[in-house]
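Notes follow the structure.
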Amino acid sequence: MFDFSEVSLNQLVVHSIGNRTEEEGVKLSKSEMSINDQSVEDILKQYFLSQFKSDYFFSFTSESDLQINEVYNLIRQVFEEPSNFYDHSVNLAHLLYERSNHPKIKPGEFYMVRFSNVRIDDEFVDGIGLFKSETKDTFIRVYQKNESFEVDYDNGINIKKLDKGCLIFNTETELGFKVSIVDTTNRSNEAMYWRDEFLQIKPRENEFYQTNQIIDICKGFSDHVLTSKNNVEKQEQVAFMKRAEAYFNNTNVYDNEQFKHDIIGDDQISEAFDEFKQDFEGQRNLSPVDQFELSEPALKKGKKYFRSIIKLDKNFHIYVHSNPDYIETGFDNGKGLKYYKMYFHEES
């Protein structure tokens with residue numbers, strides 16, 4: 001986890017990156033930006049840092065040798081010699097432009113920032129931030145003129161909406177640094193250029209990442225395998241997720257064999273779970289891990305996936321908070337409709 005309460009903004013430069021398919025080019029600042037107003041610095045720190053909250057870390061990578069990764073090498077040189085900051089910001093701006101090969105990539109401002117006193121895992125380190133703003137918001141401006149008020153508008157950047165961000169922490173250099181990213185526009189293929197083409201980073205397969213993945217596997221198995229097409233009733237799908245949630249809440253270590261024994265039980269369904277897990281790991285190029293320590297922050301983050309809702313046509317939603325064994329299903333021949341029967345101790 002990281003803490004920005006004591007962070008300082010030491011260096012900042014801004015360049016403009018155009019749309020490469022339109023040959024708009026790169027417009028470079030002539031020098032670093034001087035920030036002499038503490039209020040402006042505080043606003044910039046809020047804009048750059050407030051959305052970085054996850055323990056989900058990445059590292060720079062390469063198919064063969066880490067030294068081939070250009071962003072990694074430029075950042076490493078800046079950490080070693082901060083006087084190279086401006087020159088390498090120019091190199092990174094050109095590199096980002098060259099890697100922006102999709103016609104739908106939006107032009108915008110590219111920021112490179114050097115921070116100090118970033119606390120990560122009880123260690124204070126420097127950090128380099130790479131950011132890109134791609135969207136502008138319209139703001140209403142109200143001002144007084146003589147004895148009345150006037151209304152105007154302007155376009156600008158919303159400090160609560162960081163489009164793309166990357167924080168590189170000056171620790172574990174030989175492993176590719178610890179890296180955290182924000183990509184709020186990463187909803188389509190063209191947005192992947194920031195992470196995959198420009199930065200070339202991969203997730204660090206630590207306890208947080210592994211816990212997050214096994215929750216995703218359970219949710220995917222519930223949604224795509226435990227379905228009516230496979231003759232599985234909806235309440236069994238709900239029951240599986242509730243048993244999985246109880247398992248995660250009552251153990252510190254995930255063990256795949258124990259999980260299947262305690263939570264699934266049925267050999268045929270256990271085999272289907274293993275097949276789904278292997279396919280999931282293969283599609284995401286993950287290293288198969290069948291035993292690891294569970295991460296409390298990841299479990300907290302994943303709680304939303306255990307909220308079970310049974311949707312009945314467009315008429316009713318049943319929210320199952322605990323014991324799905326209190327629900328029965330059946331079919332009413334007279335009405336020609338399915339039904340649910342629910343048992344409870346008292347009405348609240």
- Message: Among the residues that make up region 26-49, is at least one of them within 26 Å of the chain's Cα centre (by Cα), in a loop (DSSP other than H, G, I, E, B), in contact (Cβ under 8 Å) with a residue 12 or more places away in the chain and assigned by TED's automatic domain parsing to the domain that holds SER89?
- Response: no
- Before we move on, is THR173 β-branched (Val, Ile, Thr), in the same structural domain as ARG20 (by TED's automatic domain parsing) and out of contact with any helix residue (DSSP H, G or I) (no Cβ under 7 Å at 6 or more places or on another chain)? no
- Name the residues in region 285-302 that are farther than 18 Å from PHE259 by Cα and without any contact (Cβ under 8 Å) to a residue 12 or more places away in the chain, would you? ASN285, LYS300
- Message: Being modelled with pLDDT of 95 or more, part of a strand (DSSP E or B) and not charged (D, E, K, R): is that true of HIS94 here?
- Response: no
- Query: Taking the condition touching a Lys or Arg at 6+ places or on another chain (Cβ under 6 Å) and assigned to a helix (DSSP H, G or I), does GLU174 pass?
  - Reply: no
- Query: PHE131: farther than 24 Å from SER39 by Cα, in contact (Cβ under 8 Å) with a residue 12 or more places away in the chain, surrounded by 14 or more Cβ atoms within 10 Å (Cβ to Cβ) and not basic (Lys, Arg), yes or no?
  - Reply: no
- What tally of residues in region 87-123 results from selecting those that are without any contact (Cβ under 8 Å) to a residue 12 or more places away in the chain and either hydrophobic (A, V, I, L, M, F, W, C) or over 21 Å from GLY25 (Cβ atoms) (or both)? 1
- Task: Working only within region 16-25, note down all residues that are touching a residue at least 40 places away in the same chain (Cβ under 8 Å), surrounded by fewer than 16 Cβ atoms within 10 Å (Cβ to Cβ) and part of a loop (DSSP other than H, G, I, E, B).
- Result: GLU24, GLY25
- Message: PHE110 - would you say it is at pLDDT 95 or above and aromatic (Phe, Trp, Tyr)?
- Response: yes
- Qualifying positions in region 142-163 - in a strand (DSSP E or B), closer than 30 Å to PHE52 by Cβ and in contact with a Ser or Thr (Cβ under 7 Å, 6 or more places away or on another chain): ASN155
- Going by the structure shown, is VAL13 in contact (Cβ under 8 Å) with a residue 24 or more places away in the chain and under 20 Å from GLY156 (Cβ atoms)? yes
- Filtered residue count, region 134-152, keeping only those that are of a type in the set (Phe, Trp, Tyr) and surrounded by 10 or more Cβ atoms within 10 Å (Cβ to Cβ): 1
- Query: Which numbered condition trips up LYS104, out of (1) within 16 Å of GLU197 (Cα to Cα); (2) at pLDDT 95 or above?
  - Reply: (2)
- Task: Would you be able to say whether some residue in region 115-122 is in contact with a strand residue (DSSP E or B) (Cβ under 8 Å, 6 or more places away or on another chain) and in a helix (DSSP H, G or I)?
- Result: no
- Task: Only residues in region 217-234 that are farther than 16 Å from ASP279 by Cβ count as the first member; pair them with residues that are at pLDDT below 90 and crowded, with 16+ Cβ neighbours inside 10 Å, Cβ under 6 angstrom, at least 6 apart or cross-chain, and list the lot.
- Result: VAL232/LEU226; LYS234/ILE310
- Unique residue being part of a helix (DSSP H, G or I), surrounded by 16 or more Cβ atoms within 10 Å (Cβ to Cβ) and outside the structural domain of GLY302 (by TED's automatic domain parsing) when the list is PHE52, PHE85: PHE85
- Query: surrounded by fewer than 17 Cβ atoms within 10 Å (Cβ to Cβ), in the same structural domain as LEU130 (by TED's automatic domain parsing) and either part of a helix (DSSP H, G or I) or modelled with pLDDT of 95 or more (or both), is that true of GLN11?
  - Reply: no
- Residues located in region 63-111, provided they are within 23 Å of GLU23 (Cα to Cα), aromatic (Phe, Trp, Tyr) and touching a Ser or Thr at 6+ places or on another chain (Cβ under 9 Å): PHE110, TYR111
- Message: Name the residue that is surrounded by the fewest Cβ atoms within 10 Å (Cβ to Cβ), counting only residues in region 88-104 that are in contact with a strand residue (DSSP E or B) (Cβ under 9 Å, 6 or more places away or on another chain) and aliphatic (A, V, I, L, M).
- Response: VAL90
- Considering each of PHE79, PHE60 in turn, give the residue that is buried (at least 18 other Cβ atoms within 10 Å of the Cβ) and closer than 17 Å to TYR193 by Cα. PHE60
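The values are calculated or read from the model by the stated rules, or taken from the named source; none is laboratory data. The structure presented is a predicted model; accordingly, all values stated were derived computationally and were not measured. Here the Cβ is made from the backbone with ideal geometry for all residues, glycine too, and neighbour counts use every protein chain on show.
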